[in-house]
Amino acid sequence: MTDVPMVRAERVSKSFGSNQVLKSISLEVKKGEVLCLVGPSGSGKSTFLRCINHLEQVNAGRLTVDGVVVGYEERDGLLYELKPKVAAKQRQDIGMVFQRFNLFPHMTALENIIEAPMLVKKVSKADATARALELLDRVGLAEKADAYPAHLSGGQQQRVAIARALAMDPKLMLFDEPTSALDPELVGEVLEVMKDLAKSGMTMIVVTHEMGFAREVADTLVFMDGGVVVEAGDPTEVLTNPQRQRTQAFLSKVL
Amino acid sequence: MSSPDGGRPAKETSPGGVGRSRGRSHLPATSTNPEDQAEAIQAIKLRHPWRNIFAGVLVVAVVLFILDAAQREAYGWDNFAKYVFDQRISQAALNTVLLTIYSMVIAIILGITLAVMRLSNNPVVRGVAWLYLWIFRGTPVYVQLVFWGLFATIYSTIDVGIPFMEPWVSWQTDDVIDVFWLAVIGLALNESAYMAEIVRAGILSVDKGQDEAATALGMSWLQTMRRVVIPQAMRIIIPPTGNEVISMLKTTSLVTAIPYSFDLYGRQRDIASVIFDPIPLLLVACAWYLLFTSLLMVGQYFLEKRFSRGVGHAVEKKSTNTTETAAVPTTVNPAQKAPEGDEHQ
């Protein structure tokens, strides 16, 4: 692994009005690493994830992806707000998967996947389609290429959403509670796809409540509460032997 | 409402009521045997005697009215027949359609622009859009049309150049814009204010997650709007827009305020004042207006169908249970099959 971490947060804070959601978060994700963020709802996990993608703007601290400051440009020691175009360019390399899938309902699975590569990266339709079919096959949905999202189960929709994000060839994948909106029966198929992805060496940050997945796949587990990192470390270590009282209390309820 | 002939729906449904009462006693409360199915319910249909009576009365009334109208002198059916396909009338009908099409196309483009402006982050842009809507929605369209008619009086020349200097080029307003286009502009600018509100409602109805997903994929704001948000907003925008088109077709009759008199209404009135017989010509105009609105309604139906793509159960067949009592088709309106506001998760 190279020395530049994929994601590096240094005392990152974020407030919505007077409500401070992130309080001086510092953490690092190396290339090829999988980091799982766990914690009670409202602890700032999702907000942190959205900051990495610049869907939210950080108020304080410094957040870099692959060595580049997110959402700002650094010139002569000053930070400048980015033009929307440049910000969009930054996001191309970061795939994001949402809790509620957010597939485009007016497009088929295939069209969902080829849309961004064609529009943003100007890939030809033939190339984009070939790649999309490959990705659909990878998530086990080759035969669903022409189905509209409304005709797919939640698990299938989420797998299409993952394929859609992968079609942009991201160097980092963000998962925002990818299985929380799914029926218990369908959780497994999505986690399976994510495990494969982790094995293939993708750098991933996963906000999740699936402790089994975290234990199995994550290199680092971070427990957040009230906008601060309470505990971080090896997942098995943190899950079986939590040091902080807050972590113990949380884990005793979810495990 | 108890019907005299059918009595109350009978309790025992068919001779084979075996499985129900006898079978229950030895079956466990929770059965895991899917083969053991209760037979289909065959209840006697609820009767609607009053519907039939009302329909009968209506049919009689309508027939009487038609018979009466056919014989009434004042309707002047001979003149109706003479002028309904008169070339001046069909030309005027074409003018009305052109007025409708041109002004709606401009209104929709302008309306989308205004809607997007109103949702902009830029307060200046937002303010401009608000001011526009305030003026054009706040004054009657008839009055606005009169004003457009006076445009050439207010601004007699159109100059291009630097303000307070000698203009480079200058046109006489009368020569540049003829009355037809003044009518189009007048109708379009008024209508765009209403279209803006319709489009805005459509855009706001699209889930925020769609915007985020597109943004996260690196799509620009404009790409997101064009490829993701607007197509989905269309489902909300189309039905009221169809209504606006139909409404515009009728509003074109107000261009007489400009005055422009080569549309259906104006032309019909001119002919009527020559032959001193207004009623048949009004009927002629109505017939043409009705023809166009009917065509538009058909078009609207297919457009709505197309834009509900991917919302699911679009193929569901319309059940026919409302028609089983009587042969009065008035209550069944296929155009009402609007997509239900279902949420996709």
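The values are calculated or read from the model by the stated rules, or taken from the named source; none is laboratory data. In this text, all values refer to a predicted model and were calculated from it rather than measured experimentally. A quick note on method: Cβ atoms are made from the backbone with ideal geometry, for glycine too, and the neighbour counts reach across all protein chains shown. Please note that ligands, DNA and RNA were not included when accessible areas were found on the heavy atoms of the full protein model with its side chains. Shrake-Rupley method; radii C 1.70, N 1.55, O 1.52, S 1.80 Å.
Observations
- Residue check, A:Arg138 open to solvent by 30 Å² or more (accessible area, probe 1.4 Å) and either modelled with pLDDT under 95 or within 11 Å of another protein chain (Cβ to nearest Cβ) (or both): yes
- All positions within the range A:199-210 that are surrounded by 20 or more Cβ atoms within 10 Å (Cβ to Cβ) and in a loop (DSSP other than H, G, I, E, B): A:Thr208, A:Glu210
- Residue within the range B:222-239 that is more than 14 Å from chain A (Cβ to nearest Cβ) and not basic (Lys, Arg) present: yes
- Just one of the numbered conditions (1) of a type outside the set (Asp, Glu); (2) open to solvent by less than 20 Å² (accessible area, probe 1.4 Å); (3) at pLDDT 95 or above is not true of A:Ala126: (2).
- Qualifying residue in the range B:132-148 (condition: charged (D, E, K, R) and assigned to a helix (DSSP H, G or I)): yes
- Hits in the range A:56-92 (condition: within 14 Å of chain B (Cβ to nearest Cβ), open to solvent by less than 40 Å² (accessible area, probe 1.4 Å) and without any contact (Cβ under 8 Å) to a residue 40 or more places away in the chain): A:Val70, A:Gly71, A:Leu82, A:Ala87, A:Ala88, A:Arg91
- Test: residue in the range A:101-121 that is more than 9 Å from every other protein chain (Cβ to nearest Cβ), assigned to a loop (DSSP other than H, G, I, E, B) and surrounded by fewer than 18 Cβ atoms within 10 Å (Cβ to Cβ): no
- A:Gly154 being touching a residue at least 12 places away in the same chain (Cβ under 8 Å), on the phi > 0 side of the Ramachandran plot and either open to solvent by less than 50 Å² (accessible area, probe 1.4 Å) or among the basic types (Lys, Arg) (or both): no
- Exactly one residue out of A:Asp183, A:Asp196, A:Asp169 is within 23 Å of A:Glu33 (Cβ to Cβ), open to solvent by 10 Å² or more (accessible area, probe 1.4 Å) and within 12 Å of chain B (Cβ to nearest Cβ): that is A:Asp169.
- Screening the candidates A:Asp183, A:Asp176 for the property of being of a type in the set (Asp, Glu), touching a residue at least 12 places away in the same chain (Cβ under 8 Å) and touching a Gly at 6+ places or on another chain (Cβ under 9 Å) yields one hit, A:Asp183.
- Candidate set: the range A:211-225, residues that are touching a Pro at 6+ places or on another chain (Cβ under 9 Å) and not hydrophobic (A, V, I, L, M, F, W, C); chosen: the one surrounded by the fewest Cβ atoms within 10 Å (Cβ to Cβ): A:Glu216
- Tallying residues that are charged (D, E, K, R) and either surrounded by 21 or more Cβ atoms within 10 Å (Cβ to Cβ) or part of a strand (DSSP E or B) (or both) within the range B:167-204 yields 2.
- The range A:24-83: number of residues that are among the hydroxyl-bearing types (Ser, Thr, Tyr) and under 15 Å from A:Arg11 (Cα atoms): 4
- Candidates B:Ala287, B:Ala272: the one that is open to solvent by 20 Å² or more (accessible area, probe 1.4 Å) and part of a helix (DSSP H, G or I) is B:Ala287.
- Selection of helices (runs of 4 or more DSSP H) fully inside the range B:49-120 by the criterion of at least 2 residues being open to solvent by less than 60 Å² (accessible area, probe 1.4 Å), more than 30 Å from B:Tyr194 (Cα to Cα) and without any contact (Cβ under 8 Å) to a residue 12 or more places away in the chain returns B:49-71.
- Within the range A:195-215, tally of residues that are touching a residue at least 60 places away in the same chain (Cβ under 8 Å) and in contact with a Phe, Trp or Tyr (Cβ under 8 Å, 6 or more places away or on another chain): 5
- For the range B:205-219, the count of residues that are of a type in the set (Asp, Glu), facing chain A (nearest Cβ under 9 Å) and outside any helix (DSSP H, G or I) is nonzero.
- Within the range A:226-255, the set of residues being in a helix (DSSP H, G or I) and either of a type in the set (Phe, Trp, Tyr) or open to solvent by 50 Å² or more (accessible area, probe 1.4 Å) (or both) comprises A:Thr236, A:Glu237, A:Thr240, A:Gln245, A:Arg246, A:Gln248, A:Phe250, A:Ser252, A:Lys253, A:Val254.
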